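Everything below concerns the one structure shown next.
The values are calculated or read from the model by the stated rules, or taken from the named source; none is laboratory data. In this text, all values refer to a predicted model and were calculated from it rather than measured experimentally. Reconstructed Cβ throughout: ideal geometry from the backbone, glycine too, with neighbour counts over all protein chains shown.
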Amino acid sequence: MRAVYALGFRMLGNHDDADDLAQETFVRAHRALDRYDERWAFYTWLRAIAIRVGLNEIAKRKRRRTASGEAFEAAAESVPEAAPDPIDLLAEAELHSAIRAACQELPPEFRAVLVLRSQEGLAYAEIARELDVPLGTVMSRLHRARAMIRRALAERGAVTPEPEENS
């Protein structure tokens, strides 16, 4: 299913790892099919499995201290097909690359919330249920993840820094 692969790519940032995540997700789902609760939409159940597989992979990477920068550089080199202005296309590609790199630097718990909200379009309550954390934790992590992305982009010179909030 493309949606599982896409979730894997957004979480892990690399095509090969996304393929592996999708395959492992379906293997685990097949093994656990007898435990599937039909009150849940099948994709919701499958996505929860994919998220756990992705978070496990991120934790393994952290333990091994492997650099994921090379994978992002390779992914960032793919350029959209045709654009009216090559300068605009380059600027957009550089911004997207910087955003992907900044997302990959987020701690796993922040990255998961950001992916589920921004790219999967889940509501806060759905994210809280899928990650088994309180709603306030989801909101806090999302706020902090966005702030970390803004800071990382500003440090890379990809965007103009915004003034800090005093709340």
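Some points to look at:
- Sole residue being touching a Gly at 6+ places or on another chain (Cβ under 9 Å) and at pLDDT 85 or above, chosen from A112, A75, A123: A112
- Selection within segment 10-23 - within 14 Å of V53 (Cα to Cα), crowded, with 18+ Cβ neighbours inside 10 Å and not small (G, A, S): R10, M11, L12, D17, L21
- Close pairs from segment 1-18: first under 17 Å from V113 (Cβ atoms), partner modelled with pLDDT of 85 or more and basic (K, R), Cβ under 7 Å, at least 6 apart: L7/R47; M11/R111
- If you go through segment 33-58 and keep only what is more than 14 Å from the chain's Cα centre (by Cα) and farther than 17 Å from E130 by Cα, you end up with L33, D34.
- Residue, surrounded by the most Cβ atoms within 10 Å (Cβ to Cβ), within segment 130-150, restricted to residues that are of a type outside the set (A, V, I, L, M) and modelled with pLDDT under 90: E130
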